[in-house]
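Please read the structure below before turning to the comments.
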């Protein structure tokens, strides 16, 4: 049921679709999958049979790429699963505000100001320090199914 | 040790109270930490003997006495070197006297502890004590065992010997912090001088109490002694006899040659052989005490109804175990009289224990009615033990003199009963019948496994053949029944998965039995198959045939095991039984094996029909079909005819007939029409499983890895593959059909590999290369088109594109890994044409670690397959490509921090990084190998490519990516250090030219490696160090600069003098050798590294030595240290050159130095 609803939703989206159907048997560990309408990274796949002479089914264990929650699903391996379109974009960091929101430079010269850094104090401190020292930082923003999150940080050397 | 004065007494009592308090509070769980601290301090006090003895003698708390004994042990082992001889002796005799005096004490565990302490101390001093001193101790023990001081003391005496023997036996000895040689000397000494005596004492003690036991009707205290003596005897027979038997190895007679070493039979490890050698003959065989043992057990059996005795009472168990041990007796202890003596011995044992298992039906019934099964199981084990030391023929004959049938018949009926019981019970718990079945199967295996390829095969006597035939029929029946009954309790597939490997082992035992009666087994299987095939035909669409499917499934597995062997990488021969038994069957198409195989293949062919496939061929059944075809074709399909002319000239006629039937059998499915037909069927079935069973990963894995992979391993099969339409269809579908893109990507890789392999079977190499271009063309085009798209960056992250790219990369990797000299050209071109797309992909998918990994693995496989063949120009291209790849990868990943919230995603990311880096290191190692193996026509230097510089440069790029955390992955760490040490060993000159930053980095890593836990890593670092230092020494010796500034030390920008690297390493290596705990395996390589370092930095070494001496305050230690340091460098005519002899001398010096 939920699968079908979800399909409609993704078709209804204007432009690029958020998910793609893919045969369950072809989804491998480290790939992506939609479980319970959440985009997940597959950390474990196992196959078993329905009954002795039945068909194979795949058992997926996924981790939500945004909130880190563990989700599981079982799908007959010849059926299709939804695979999320996960994209990552690099932005240069321009500013960090007091409350952890960042200002990022987009390709067209505008800024993107709606994302905040992870709440881990230690990491936040590190980033702020590095930024304060004048290092050039590039943030990777991961987006899938209408959600966005900063997922990685790269130091491309001191500002010249 | 004098008696304590009044002051001392008070102190002793205080200690005792403290220990008692600690012991009770541990028991009551009151403040356990403090209590443990008290006990620990008792153990670590110097010279605690007086206090401990006081506690042992006076304390009312048994645990306190136990702890005191433990403390004596710890302290004495620790301080043994400092104790004077009198103290050593008095400690042992104190312990011995203590146990003798308190022999009747109810706290057995205290006595056992004290007696084991005595045994350990005795062993510790074993090499110091004179024969007279030992004699004195053992006299005391012997007196006890003789029973002069009563039953309890007798028991204690036997018990002490038990601890002593277990201390001296290498597998059960406790650690003493002494070298292995010590334990071996003790082991040897005890075996030669004492073991037999102990055995005689134990035997005499047991015999002396036997009458009392037999006469009385209830349990008597003597039982305890007898049991202990039996245990001791068993333990002595378990001894790993070394020194008595090897002297007679040369005079192996026919009979003892039969005794298989347990490595030969796959499951014989459970049954160890007892080979004490001829010296034991008088004690064990001629003394007639086996008769005594058997009659003792027979008497005990009578008493099982009496009070205090039952079938599992300790003494009965010990007696049975000892009887079992006698069954395993073999080797030179028996006279070389053609086995007469051994046979007699076995017959005696067999007739003593035959009642345990015969008549089988009665035995089995009474167990079902609640009798304990242990006696019956021991009977089975005895059969197994006897089977391990005899041939089937002798085994069968043994029973003939006391029963109207042979032992094989007994074995068969016994196992039939067990299987019947198994069929009745049908539970999932391990019942007695499970255990019995496994033991009896082992027995069959022991009898039937051909133990020696050159010697005669173990053929069954005629009566045994019938027995095996009956048994096999019953086994098949029971398997089929088990199948249909298992269906009722529906899907518990976990259980199925776990039991599959156990089943495989069982099936191979069944196959051995079937081959023992092959003329019955093959027709039986044929009949069973055809019955089921007929039923399947009739019941089509009417009944749901799950039960039949499952039966066919099991039959396929059984038939596969019976007809063919596993091969394990070699081409398996037709099983010997099949070759010989059907020697009279010259007409090929009536050969039972051919009839069976043909009917199965015809059945399998039906899976090509879509309608039948849907009805009958479930994925699981198909797995069995594919498995069978793979195993069968490995042995029979187009077998390379290489029949050697008989090297055994006798029995020419028989040999000839044998050859002919074998030829008939193999030719039938040979390279003629029939063979090609079957090959075609197999290929078409494979296509079906790959295309018509979507998502059935297991089935497809079997098809790819077992069936197809096995086919292309045979060159002569490859030759035929491309002449088949079906194979060309497969190749075409692979390149063009969407449905094969839906296979698991790993399977696609395997398929690409298989297809490319098969292309090398084509007649000429041009055709092969052309064929490969056709096969791989689509991958190149696909990747080229994708990466050339203008909007590729935008669409690249769509899942469908990612899937497509992954498939292509996996296929490329498969094709690259199938590279062979003949097809190398085509594969090289393949790689060349995707170089640019690959770099584009690496850029675009920099965040998509799964794709990056596939990409790196492809490059690794490709470079690894190609590098040795490349010409200079090509090498330059490849090297350039690799460097661009490395730089690109590095620029994406250096300084990157993952900010994921989830710890498991973070650790996944780390694992991915690890795998990437490992692939990169493999890439560098492959490049490195160009300097060692090179098949190209010209030297690579003509193009100015210096492999060493390339690899250093690569390492320079990769090293910053490897963090200390990543080095915790053992494989990565290992790869990294082996590459590093290889580089330093082979190209020290290139290191010398590195700039100081790169150089410092490498050395930092070396320093890290030197302190690593893994000895192999340390060893590699030491080798690298040796290479560096000796390079420098040799270079400077001949007037060149060597490592130059790196060695002499430089001023850093801050104006501080930085020590040269060689002095730094001399420092840290000496530190390691002197003050740290390191494995003795490292001594040699440490010596090899230390010598050139010392030679390079003589001055520093002297200074360090002096500092070391000055820091040492204890004068005796100081002089010892001075001596040691002195002799390290000046003994053994050590000179200041770096040749092999000098290295060896220095190694010896260092080994000696360690003893200080």
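When region A:86-96 is limited to residues that are in contact (Cβ under 8 Å) with a residue 24 or more places away in the chain and either more than 10 Å from every other protein chain (Cβ to nearest Cβ) or over 22 Å from residue B:892 (Cα atoms) (or both), the one that is surrounded by the fewest Cβ atoms within 10 Å (Cβ to Cβ) turns out to be A:92. Considering region A:37-49, and only residues there that are at the interface with chain B (Cβ under 7 Å from one of its Cβ atoms) and over 22 Å from the mean Cα position of the chain (by Cα), the residue that is modelled with the highest pLDDT turns out to be A:47.
Consider residue B:906 carefully, then state whether it is within 14 Å of chain A (Cβ to nearest Cβ), surrounded by 17 or more Cβ atoms within 10 Å (Cβ to Cβ) and closer than 30 Å to residue A:64 by Cα.
In short, no.
No other residue among B:886, B:842 is crowded, with 18+ Cβ neighbours inside 10 Å and either within 14 Å of chain A (Cβ to nearest Cβ) or within 28 Å of residue B:754 (Cα to Cα) (or both) apart from B:842. Residues considered: B:71, B:85. Of these, the only one that is closer than 25 Å to residue B:157 by Cα and modelled with pLDDT of 90 or more is B:71. Reported count of residues in region A:50-62, each being facing chain B (nearest Cβ under 8 Å) and not in a loop (DSSP other than H, G, I, E, B), is 2.
What about residue A:149, is it at pLDDT 85 or above, under 22 Å from residue B:796 (Cα atoms) and within 10 Å of chain B (Cβ to nearest Cβ)? Spelling it out, residue A:149 is indeed at pLDDT 85 or above, under 22 Å from residue B:796 (Cα atoms) and within 10 Å of chain B (Cβ to nearest Cβ).
Scanning region B:164-190 for residues that are buried (at least 21 other Cβ atoms within 10 Å of the Cβ) and more than 28 Å from the chain's Cα centre (by Cα) yields B:164, B:165, B:186. Looking at (1) over 18 Å from residue A:76 (Cβ atoms); (2) within 12 Å of another protein chain (Cβ to nearest Cβ); (3) at pLDDT below 85; (4) surrounded by fewer than 15 Cβ atoms within 10 Å (Cβ to Cβ), which is the only condition residue A:14 fails? Result: residue A:14 fails condition (2) only. So is residue B:912 at the interface with chain A (Cβ under 10 Å from one of its Cβ atoms), in contact with a helix residue (DSSP H, G or I) (Cβ under 6 Å, 6 or more places away or on another chain) and in a helix (DSSP H, G or I) or not? Against the criterion (at the interface with chain A (Cβ under 10 Å from one of its Cβ atoms), in contact with a helix residue (DSSP H, G or I) (Cβ under 6 Å, 6 or more places away or on another chain) and in a helix (DSSP H, G or I)), residue B:912 qualifies.
Report whether or not residue B:810 is crowded, with 23+ Cβ neighbours inside 10 Å and within 14 Å of chain A (Cβ to nearest Cβ).
Yes; evaluated as a whole, the condition is true for this residue.
Residue check: is residue B:750 under 21 Å from residue B:772 (Cα atoms) and not in a helix (DSSP H, G or I)? So residue B:750 does not fit the description; no. Which one is nearest to the other protein chains (Cβ to nearest Cβ) among residues in region A:63-85 that are surrounded by 19 or more Cβ atoms within 10 Å (Cβ to Cβ) and over 12 Å from the mean Cα position of the chain (by Cα)? Only one residue fits best here, namely A:77. Looking across region A:115-140, the residues that are assigned to a loop (DSSP other than H, G, I, E, B) and within 13 Å of chain B (Cβ to nearest Cβ) come down to A:117, A:118, A:119, A:120. Does region B:671-685 contain any residue that is at pLDDT below 80 and either surrounded by fewer than 23 Cβ atoms within 10 Å (Cβ to Cβ) or assigned to a helix (DSSP H, G or I) (or both)? Yes, because at least one residue in region B:671-685 is at pLDDT below 80 and either surrounded by fewer than 23 Cβ atoms within 10 Å (Cβ to Cβ) or assigned to a helix (DSSP H, G or I) (or both). All conditions in (1) more than 9 Å from every other protein chain (Cβ to nearest Cβ); (2) at pLDDT below 90 hold for residue B:849, with the sole exception of (1). Evaluation of residue A:112 against the conditions (1) more than 8 Å from every other protein chain (Cβ to nearest Cβ); (2) farther than 30 Å from residue B:548 by Cβ; (3) modelled with pLDDT of 90 or more; (4) touching a strand residue (DSSP E or B) at 6+ places or on another chain (Cβ under 6 Å) shows that the sole unmet condition is (3). Restricting attention to region B:688-727, the residues that are part of a helix (DSSP H, G or I) and either within 14 Å of chain A (Cβ to nearest Cβ) or under 37 Å from the mean Cα position of the chain (by Cα) (or both) total 25. So which residues in region B:307-333 are at pLDDT below 85 and out of contact with any strand residue (DSSP E or B) (no Cβ under 9 Å at 6 or more places or on another chain), if there are any at all? Once the filter is applied, which keeps residues that are at pLDDT below 85 and out of contact with any strand residue (DSSP E or B) (no Cβ under 9 Å at 6 or more places or on another chain), region B:307-333 yields B:307, B:308, B:309, B:310, B:311, B:312, B:332. Criterion applied to A:78, A:143 was being within 25 Å of residue A:34 (Cβ to Cβ), in contact with a strand residue (DSSP E or B) (Cβ under 7 Å, 6 or more places away or on another chain) and not in a strand (DSSP E or B), and the one residue passing it is A:78. Being touching a helix residue (DSSP H, G or I) at 6+ places or on another chain (Cβ under 8 Å) and either assigned to a loop (DSSP other than H, G, I, E, B) or within 9 Å of chain B (Cβ to nearest Cβ) (or both): is that true of residue A:34 here? Taking the combined requirement at face value, the residue does not satisfy it.
The values are calculated or read from the model by the stated rules, or taken from the named source; none is laboratory data. It should be emphasised that the depicted structure is a prediction, and the values quoted were computed from it without experimental measurement. Because the Cβ atoms are built from the backbone with ideal geometry, glycine has one as well, and the counts that use them run over all protein chains shown.
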